[in-house]
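Undergrad: Following this message is one structure expressed as structure tokens.
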Amino acid sequence: IWQFIGLYMVILNSGISNIGKEIFEMAEIDGATGAKKMFYITLPLIKSTLMAALLMCISGNMKVFSQIQVMTNGGPGNASMVMALYAYKRSFTMNEIGYGSAISIAILVISLILIAITRLIFVSKKED
């Protein structure tokens with residue numbers, strides 16, 4: 001999560017900078033304070049940008065492998081073992097290719113479930 005926090009901040013900053021200053025001025029005229037402007041104006045207007053950044057974060061975290069492989073190789077013991085590293089070890093170290101590919105499919109299914117939950121949270125019903 002923390003490795004690409006700068007990228008996510010740039011994405012969110014660009015989304016916020018695309019909101020017109022007139023919108024915030026109108027909110028101030030209507031009496032909105034800082035917190036109200038954030039919850040009722042800024043967040044709804046950057047909802048799609050926030051969802052894209054969150055989806056990138058989920059997909060990036062599910063495929064983390066190289067840093068853990070290089071630094072700890074899953075150790076000490078199995079303290080830093082992640083699913084991708086476990087699939088790699090089962091496939092190529094223990095020569096259990098089928099089991100390793102099943103773990104990889106499980107990573108895909110978990111990622112799709114998390115993305116679907118995120119979309120359900122962020123996508124609101126359109127009013128007629």
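The values are calculated or read from the model by the stated rules, or taken from the named source; none is laboratory data. Small disclaimer: the values here were computed from a predicted structure and weren't measured. No Cβ is skipped: glycine too gets one built from the backbone with ideal geometry, and neighbour counts run over all protein chains shown. When the accessible area is computed, the model is the full protein with side chains, heavy atoms only, and any ligands, DNA or RNA have been set aside. Shrake-Rupley method; radii C 1.70, N 1.55, O 1.52, S 1.80 Å.
Undergrad: Give Thr72, Thr93 a once-over and let me know the one that is of a type in the set (Val, Ile, Thr) and open to solvent by less than 70 Å² (accessible area, probe 1.4 Å).
TA: Answer to the check: Thr72.
Undergrad: Just for the stretch 19-47: of the residues that are of a type outside the set (Lys, Arg) and touching a residue at least 24 places away in the same chain (Cβ under 8 Å), which one is most open to solvent (accessible area, probe 1.4 Å)?
TA: Once the filter is applied, the top-ranked residue is Leu45.
Undergrad: Considering only the stretch 1-82, give the helices (runs of 4 or more DSSP H) lying wholly within it that have at least 1 residues that are within 24 Å of Ile113 (Cβ to Cβ).
TA: Where helices (runs of 4 or more DSSP H) fall fully within the stretch 1-82 and carry at least 1 residues being within 24 Å of Ile113 (Cβ to Cβ), they are 5-17, 47-62, 66-71.
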